[in-house]
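Chemist: Below is a structure I'd like to ask you about.
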Amino acid sequence: MTVVVSKRDVGVCRQEFEIEVPASEVDAEYLRVARDYRRRARIDGFRKGKAPLDLVRQRFAGAIGEDVSERLAPKYWRKASEEDGVQAMLPPSVAPVRAAPGEPLRFTVTVDVEPEVEIGDSRSFELPQPETDPSEAEIDELLEQVRLQRSTWVPVDRAAARGDRVRGRIHRAAMPGYVAEADAEEQQDQDDHRGPATHDIDLELGDERAWPELTDNLTGLSAGQKADFERKETEDDVERQRGYEIEVDEVLERKLPEVDDDWASSLAATIETVDDLRRQLSDQVQAQKAEQAGQQRTDALLDQLRERYPVTLPEAVVERETLQMARSYANNLARQGFDFERQQLPWEQLMEEIRPQAEKRAHSSFLLDRIARDDGVEATAEDLERALEIMARGRNTNRGRLRRELEREGGLEMLRVELRRDRTVQALLAANAPPEEPSAPADEPATEGED
């Protein structure tokens with residue numbers, strides 16, 4: 001028996017269903033709920049659980065009707081979605097309704113559904129084949145990074161130059177127009193960004209994270225010397241010049257280690273010579289280039305997939321993806337020490353900037369889900385356990401605790417979905433892998449024409 005009374009489109013990829021539960025099912029569920037209420041109800045004049053059922057039904061008619069609806073609506077929505085072949089992209093919205101005994105229950109469900117698209121059988125794509133073999137220049141560059149990490153700083157008696165390290169102090173003048181409160185304490189003045197302050201400085205000249213004005217004005221100064229400069233700053237949308245004074249206590253020069261076998265062997269137990277070090281660095285470069293190449297191939301595959309199968313997704317799906325990306329961005333900022341209480345993010349602007357990328361991600365996810373369903377791709381239990389182990393290490397917890405947290409938050413199923421999408425991408429990449437060059441047999445002659 002069909003349970004769908006009517007269905008109509010109410011927006012882009014949004015449908016509204018009217019579903020009916022037979023009166024016999026309503027009465028049976030009503031009786032089960034009423035009996036449950038009688039077991040728990042306390043009614044004056046009757047022992048707990050012994051009140052007449054008719055009295056319980058009368059006393060708690062409204063609450064029983066709501067409970068019956070809450071139990072039957074999900075069950076019959078599942079039947080309706082199976083009957084109609086609905087592929088929902090988001091949880092459905094069920095209009096409030098209250099069941100009444102002796103009457104069929106009709107309720108309305110609004111759901112965002114998958115757009116219609118015919119995914120073809122072709123799994124062929126034109127993917128880039130980036131070079132992954134490391135060059136000598138790349139190995140040299142990585143070796144130089146290792147030298148920089150192992151370098152030391154030594155004081156020098158000369159003027160500071162770009163690349164040197166300078167230690168000293170910076171004195172900040174008050175913002176023009178600033179008036180300190182009479183009872184303000186010194187520490188409060190230091191914390192007020194509008195007032196004067198003095199801070200220690202310890203920076204490498206040319207560091208991109210530092211103000212360019214600091215590098216410019218510290219360059220050429222020796223220990224004991226000072227310099228003044230002004231910098232444009234904005235307060236209450238008004239741009240003003242603020243004065244600064246810097247003084248140098250110490251200039252330090254970077255000392256790089258000599259690249260020889262003794263230094264190389266000090267880096268790791270597995271390294272004895274410079275040649276060993278270069279081989280390990282070569283492996284690192286190759287692994288990094290292979291990872292980058294894999295990402296380039298994945299990006300190209302998803303770009304071509306979206307171009308091959310254009311769709312218009314439900315607005316709510318794009319909004320959800322945008323919100324998830326914004327939350328991820330905010331979490332990354334928080335891990336880097338961003339103070340949300342003192343600094344405000346322009347959320348509306350951020351959401352607007354994120355939206356185009358969110359649309360692409362939602363589009364890709366939808367197509368990968370369709371292909372996974374068509375091709376029977378599923379994440380394995382081993383995939384899930386491996387992902388949980390990696391996530392647990394990253395969050396400094398154990399796998400069992402993380403699993404329970406994700407189950408409570410509904411994140412475990414989402415993790416399975418992401419793993420299934422990743423398996424789908426890997427299957428598509430494998431189907432488009434470049435053919436391996438056949439290797440020559442060991443006994444093949446080195447040149448033709450030899451006897």
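The values are calculated or read from the model by the stated rules, or taken from the named source; none is laboratory data. Since the model is a prediction, treat every value here as computed from it, not as a measurement. Neighbour counts run over all protein chains shown; Cβ positions are idealised from the backbone, glycine included. Surface areas here come from the heavy atoms of the whole protein model, side chains and all, with no ligands, DNA or RNA. Shrake-Rupley method; radii C 1.70, N 1.55, O 1.52, S 1.80 Å.
Chemist: Say we look at the stretch 363-397 and pick out the residues that are touching a helix residue (DSSP H, G or I) at 6+ places or on another chain (Cβ under 9 Å) and of a type in the set (S, T, N, Q); which of these is modelled with the lowest pLDDT?
Modeler: My answer is THR397.
Chemist: Which residue is farthest from ALA88 (Cα to Cα), if the candidates are limited to the stretch 10-27 and must be open to solvent by 80 Å² or more (accessible area, probe 1.4 Å) and touching a residue at least 24 places away in the same chain (Cβ under 8 Å)?
Modeler: Initial filter on the stretch 10-27 (open to solvent by 80 Å² or more (accessible area, probe 1.4 Å)): 12, 14, 24.
Then keep just the ones that are touching a residue at least 24 places away in the same chain (Cβ under 8 Å); that gives 12, 14.
On the way: VAL12: 13, ARG14: 9 Å.
Per the criteria, the residue is VAL12.
Chemist: Filter the stretch 145-165 down to residues that are open to solvent by less than 70 Å² (accessible area, probe 1.4 Å) and under 16 Å from VAL274 (Cα atoms) and give me whichever is nearest to the chain's Cα centre (by Cα).
Modeler: By that ranking, first place goes to VAL146.
Chemist: Quick check: is even one residue across the stretch 363-377 out of contact with any strand residue (DSSP E or B) (no Cβ under 7 Å at 6 or more places or on another chain), among the hydroxyl-bearing types (Ser, Thr, Tyr) and loosely packed, with under 13 Cβ neighbours inside 10 Å?
Modeler: no
Chemist: Please name all residue pairs, on different chains or six or more residues apart, with Cβ atoms under 8 Å, provided the first residue is in the stretch 116-129 and is among the polar types (S, T, N, Q) and the second residue is in a loop (DSSP other than H, G, I, E, B).
Modeler: Within 8 Å, the pairs are SER124/ASN432; GLN129/PRO434.
Chemist: Scan the stretch 418-439 residue by residue and report those that are open to solvent by 60 Å² or more (accessible area, probe 1.4 Å) and of a type outside the set (S, T, N, Q).
Modeler: Within the stretch 418-439, GLU418, ASP422, ARG423, ALA430, ALA431, PRO434, PRO435, GLU436, GLU437, PRO438 qualify.
Chemist: Looking only at the stretch 116-140, filter to residues that are of a type in the set (S, T, N, Q) and surrounded by fewer than 15 Cβ atoms within 10 Å (Cβ to Cβ); which one of those is farthest from the chain's Cα centre (by Cα)?
Modeler: Let us first name the residues in the stretch 116-140 that are of a type in the set (S, T, N, Q), namely 122, 124, 129, 132, 135.
Retained after the next criterion (residues that are surrounded by fewer than 15 Cβ atoms within 10 Å (Cβ to Cβ)): 122, 124, 129, 135.
Numbers: SER122: 31, SER124: 29, GLN129: 27, SER135: 33 Å.
Top of the filtered list is SER135.
Chemist: Just to be sure, is ALA223 in a loop (DSSP other than H, G, I, E, B) and either touching a Phe, Trp or Tyr at 6+ places or on another chain (Cβ under 7 Å) or modelled with pLDDT of 95 or more (or both)?
Modeler: Values: in a loop (DSSP other than H, G, I, E, B): yes; either touching a Phe, Trp or Tyr at 6+ places or on another chain (Cβ under 7 Å) or modelled with pLDDT of 95 or more (or both): yes.
Spelling it out, ALA223 is indeed in a loop (DSSP other than H, G, I, E, B) and either touching a Phe, Trp or Tyr at 6+ places or on another chain (Cβ under 7 Å) or modelled with pLDDT of 95 or more (or both).
Chemist: Between ALA300, ALA287, which is open to solvent by 30 Å² or more (accessible area, probe 1.4 Å) and outside any loop (DSSP other than H, G, I, E, B)? Can you show your working first?
Modeler: Working: ALA300 fails: open to solvent by 30 Å² or more (accessible area, probe 1.4 Å).
Residue meeting the stated conditions: ALA287.
Chemist: Sticking with this structure for a sec: Considering only the stretch 85-115, state which residues are open to solvent by 60 Å² or more (accessible area, probe 1.4 Å) and under 35 Å from the mean Cα position of the chain (by Cα).
Modeler: GLN87, PRO91, SER93, VAL94, PRO96
Chemist: ARG386 - would you say it is without any contact (Cβ under 8 Å) to a residue 40 or more places away in the chain, open to solvent by 50 Å² or more (accessible area, probe 1.4 Å) and under 20 Å from VAL425 (Cα atoms)?
Modeler: Working: without any contact (Cβ under 8 Å) to a residue 40 or more places away in the chain: yes; open to solvent by 50 Å² or more (accessible area, probe 1.4 Å): yes; under 20 Å from VAL425 (Cα atoms): yes.
Considered against the rule, which asks whether it is without any contact (Cβ under 8 Å) to a residue 40 or more places away in the chain, open to solvent by 50 Å² or more (accessible area, probe 1.4 Å) and under 20 Å from VAL425 (Cα atoms), ARG386 comes out as yes.
Chemist: Okay, next question. Here is a list: GLU253, GLU321, GLU352, GLU239. Which entry is under 26 Å from the mean Cα position of the chain (by Cα), acidic (Asp, Glu) and open to solvent by 60 Å² or more (accessible area, probe 1.4 Å)? Steps first, answer last, please.
Modeler: On the way: GLU253 fails: under 26 Å from the mean Cα position of the chain (by Cα); GLU321 fails: open to solvent by 60 Å² or more (accessible area, probe 1.4 Å); GLU239 fails: under 26 Å from the mean Cα position of the chain (by Cα).
When all the criteria are applied, what remains is GLU352.
Chemist: In the stretch 392-417, which residues are open to solvent by 70 Å² or more (accessible area, probe 1.4 Å) and in contact (Cβ under 8 Å) with a residue 12 or more places away in the chain?
Modeler: ARG399, ARG416, listed by residue number.
Chemist: While we're here: Quick test for you: out of PHE60, PHE17, pick the one residue that is within 30 Å of HIS363 (Cβ to Cβ), modelled with pLDDT of 90 or more and not basic (Lys, Arg).
Modeler: Numbers: PHE60 fails: within 30 Å of HIS363 (Cβ to Cβ).
Sole residue among the options that is within 30 Å of HIS363 (Cβ to Cβ), modelled with pLDDT of 90 or more and not basic (Lys, Arg): PHE17.
Chemist: Identify all residues within the stretch 72-84 that are open to solvent by 50 Å² or more (accessible area, probe 1.4 Å) and over 32 Å from the mean Cα position of the chain (by Cα); write none if there are none. Give the derivation first.
Modeler: Within the stretch 72-84, the subset open to solvent by 50 Å² or more (accessible area, probe 1.4 Å) is 74-75, 78-79, 82-84.
Selection gives LYS75, LYS79, GLU82, GLU83, ASP84.
Chemist: To continue, here is another question. May I ask you to list the residues in the stretch 2-24 that are within 45 Å of the chain's Cα centre (by Cα) and more than 30 Å from VAL311 (Cβ to Cβ)?
Modeler: Correct list: GLU20, VAL21.
Chemist: Same structure again: Which one is farthest from VAL111 (Cα to Cα) among residues in the stretch 28-47 that are modelled with pLDDT of 90 or more and surrounded by 15 or more Cβ atoms within 10 Å (Cβ to Cβ)?
Modeler: Ranking the candidates gives ARG38 first.
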